[in-house]
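The values are calculated or read from the model by the stated rules, or taken from the named source; none is laboratory data. In this text the structure is predicted, and so the values were computed from the model without any measurement. Glycine gets a Cβ as well: all are built from the backbone with ideal geometry, and neighbour counts include every protein chain shown.
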Amino acid sequence: MVEWHRLLWFPQAIPRQRFITWLAFRNKLSTGSRMRQWGMTQACPLCGEPNETRDHLYNTLIQYGTCSARALSPLDSMLSKLAFQATIYWIWKERNGRCHDQPRRTPMHLAHVIHKEISNKLLSLGDDAAEVNERLLRWNEVATLH
Ligand SMILES: [Zn+2]
């Protein structure tokens, strides 16, 4: 895992998302494999895979995140890190919701939630209006939902 701390520690990160991402990197989330150590069974609530592990939930995402953060502009780098942490966070939240029989959200619904949350975050970064606008335009450009 290459320099994953760069994906965690940046000033615009959303603290609860950074925390869940930190737990995921450290493999400290309470997935099925950790529950089994405590004598409980927990299949993956998203797909039913009996052996739920951190890597089952996130392996592709973490590989992608640690390989793709290079050679981006500062703005794109920030946007990709926000999207990375938000994706880890919302997959975890959806997974926990299904453990507790809450209504299921589709991947597209989650994508919309993430899109909206990052848009709100960009609005809250109180720089001058032109800068906020530039960030929002870029976010809408790179994260178009169909
Ligand atoms: Zn699964």
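So here's what we get for this one:
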read-out	value
Among (1) in contact (Cβ under 8 Å) with a residue 40 or more places away in the chain; (2) more than 15 Å from the chain's Cα centre (by Cα), the one test that Ser30 misses	(1)
Condition check for Leu125: farther than 18 Å from Arg18 by Cα and either surrounded by fewer than 18 Cβ atoms within 10 Å (Cβ to Cβ) or of a type in the set (S, T, N, Q) (or both)	no
Only one of Leu57, Leu75, Leu110, Leu79 that is closer than 15 Å to Arg18 by Cα and out of contact with any Pro (no Cβ under 8 Å at 6 or more places or on another chain)	Leu79
Filter result for the condition that a residue is within 30 Å of Leu137 (Cβ to Cβ) and without any contact (Cβ under 8 Å) to a residue 60 or more places away in the chain, over Ile62, Ile91	Ile91
Meets criteria (over 20 Å from Arg98 (Cβ atoms), at pLDDT below 80, out of contact with any helix residue (DSSP H, G or I) (no Cβ under 8 Å at 6 or more places or on another chain) and not small (Gly, Ala, Ser)) for Gln63	yes
Wholly within the stretch 1-103, helices (runs of 4 or more DSSP H) carrying at least 2 residues that are more than 16 Å from the ligand (Cβ to nearest atom)	5-8, 15-25, 54-68, 74-99
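Here is a yes/no grid of residues against (1) over 21 Å from Leu145 (Cβ atoms); (2) surrounded by 14 or more Cβ atoms within 10 Å (Cβ to Cβ):
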{"site": "Trp4", "(1), (2)": "yes, yes"}
{"site": "Phe19", "(1), (2)": "yes, yes"}
{"site": "Leu23", "(1), (2)": "yes, yes"}
{"site": "Cys47", "(1), (2)": "yes, no"}
{"site": "Trp90", "(1), (2)": "no, yes"}
{"site": "His115", "(1), (2)": "no, yes"}
